[in-house]
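Down below is the structure, laid out as structure tokens.
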């Protein structure tokens, strides 16, 4: 933990305003929910990050060099908005930003990742106050949250060593909540008004790994019988960590959303090995086919890295053909770029940018084609949509359990944070959304 001198004392505790910014992953967003609740319990007023505040808390991202650059930019913006503010920096980029020449004298307090859970307590100490005696809740009620969908942090850290990724070095190894505690927090989320919760972690499939348990399988089985939450969504999970038991639990549950994001990264066994991934093409195919057999309507998205060092034309074709064969509904394409501090940064046989760009474009075109076909498959069907925002004109927007983005005209304020049944009428693949006609409220419908 490191500090820089504050420019002047902040307002008294009862008058303080605090603003938050979470960059990058859902885990940072989940942590922001905790900081938001602890700030409310401290008697502080929450304001928009774009406003002048007494305290700014920035949760940074380091997944790419561009993410680190954006983190620096947002920290400098906070300082410019209020030169007298207390600027707090945490997150995966915190360690590298602390010694960066652009950051000299900008941030007041750096909180390392391993101390993030007690960030607001540390902030109280920095401000010369006694820490809050005990924070009551890990997240705020839905009306105090900035979103109707709660990202619930169930674990931190990762034990993998993928050649392209720096996050395990920044987040540490796996540290999981107990299953009983997760169930307790899901029920608390329901009591506080949330309709949907996303189970969030760096390495969700490793939940309970440090205790030698398959905690995710057990958790999914318990969610249906021991919670009242309407919808539970899983964040990213690697293909080899999707077990038959997990598939069965998902297929049998009216609460667990039939949507998975499975980062495949490559369809070539040679490239997967160079990436130090624990998946194989055959294993990926087997998992996806098993998911579709158990849940024909499941929605699947993935990440693919294009142009990894040493990737040949044959390797790329293997990736392209696997994506086409499996019919993945959306492919997030990441052209390879060197990330200092990773094994991949030292690899030879790096590809020309023109080759990477051409391959990326081909995969993006395939993604658009398959996503358009998936969206068209919903034409004329009735879906359940959680309304998250409503415009002044009454246009409601939200997502289905399958993560289809839907616009619904004719909504009123009382429809916010409610499930509506909507008939899908118009498809707009270019905007990745559909427009529908409201049928009736579906607040009590589980799927």
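Determine which single condition residue 352 fails, assuming it passes every other condition in (1) farther than 30 Å from residue 194 by Cβ; (2) surrounded by 20 or more Cβ atoms within 10 Å (Cβ to Cβ). Checking residue 352 against (1) farther than 30 Å from residue 194 by Cβ; (2) surrounded by 20 or more Cβ atoms within 10 Å (Cβ to Cβ), the one that fails is (2). Of the residues contained in segment 228-236, one or more are found to be touching a helix residue (DSSP H, G or I) at 6+ places or on another chain (Cβ under 6 Å), assigned to a loop (DSSP other than H, G, I, E, B) and surrounded by fewer than 19 Cβ atoms within 10 Å (Cβ to Cβ).
Residue by residue through segment 386-404, note down the ones that are under 20 Å from residue 256 (Cβ atoms) and surrounded by fewer than 23 Cβ atoms within 10 Å (Cβ to Cβ). Those that are under 20 Å from residue 256 (Cβ atoms) and surrounded by fewer than 23 Cβ atoms within 10 Å (Cβ to Cβ): 388, 399, 402, 403.
A single entry from 263, 254, 296 fulfils the requirement of being touching a residue at least 40 places away in the same chain (Cβ under 8 Å), part of a loop (DSSP other than H, G, I, E, B) and surrounded by fewer than 16 Cβ atoms within 10 Å (Cβ to Cβ): 254.
Checking the structure you have, find out if any residue of segment 300-312 is in a helix (DSSP H, G or I), at pLDDT 95 or above and over 21 Å from residue 430 (Cβ atoms). Can you show your working first?
To start, the set of residues in segment 300-312 that are in a helix (DSSP H, G or I) comprises none.
No, segment 300-312 has no match at all.
Residues in segment 47-65 that are surrounded by fewer than 24 Cβ atoms within 10 Å (Cβ to Cβ) and in contact (Cβ under 8 Å) with a residue 40 or more places away in the chain: 54, 63, 64, 65. Of the residues making up segment 206-222, at least one is outside the structural domain of residue 417 (by TED's automatic domain parsing), at pLDDT below 95, closer than 22 Å to residue 24 by Cβ and in a helix (DSSP H, G or I).
Look at residue 392 and say whether it is in contact (Cβ under 8 Å) with a residue 12 or more places away in the chain and not in a helix (DSSP H, G or I). Criteria not met by residue 392. Residue check: is residue 130 surrounded by 15 or more Cβ atoms within 10 Å (Cβ to Cβ) and more than 24 Å from residue 165 (Cα to Cα)? The answer is no for residue 130.
Looking for something under 20 Å from the mean Cα position of the chain (by Cα), in contact (Cβ under 8 Å) with a residue 12 or more places away in the chain, outside the structural domain of residue 196 (by TED's automatic domain parsing) and not in a helix (DSSP H, G or I) - is there at least one such residue anywhere in segment 75-86?
Looking for residues that are under 20 Å from the mean Cα position of the chain (by Cα), in contact (Cβ under 8 Å) with a residue 12 or more places away in the chain, outside the structural domain of residue 196 (by TED's automatic domain parsing) and not in a helix (DSSP H, G or I), one finds none in segment 75-86, hence no.
Determine which member of the set 367, 412 is in contact with a strand residue (DSSP E or B) (Cβ under 9 Å, 6 or more places away or on another chain) and under 24 Å from residue 332 (Cβ atoms). That would be 367, the only listed residue that is in contact with a strand residue (DSSP E or B) (Cβ under 9 Å, 6 or more places away or on another chain) and under 24 Å from residue 332 (Cβ atoms). Please enumerate the residues belonging to segment 408-423 that are crowded, with 19+ Cβ neighbours inside 10 Å, assigned to a strand (DSSP E or B) and out of contact with any helix residue (DSSP H, G or I) (no Cβ under 9 Å at 6 or more places or on another chain). Selection gives 419, 420, 422. All of (1) in a loop (DSSP other than H, G, I, E, B); (2) within 30 Å of residue 336 (Cα to Cα); (3) modelled with pLDDT of 95 or more hold for residue 367 with one exception: (1).
The values are calculated or read from the model by the stated rules, or taken from the named source; none is laboratory data. Just so it is clear, the structure is predicted and the values come from calculations on it, not from any experiment. All Cβ positions, glycine included, derive from the backbone under ideal geometry; neighbour counts span all protein chains shown.
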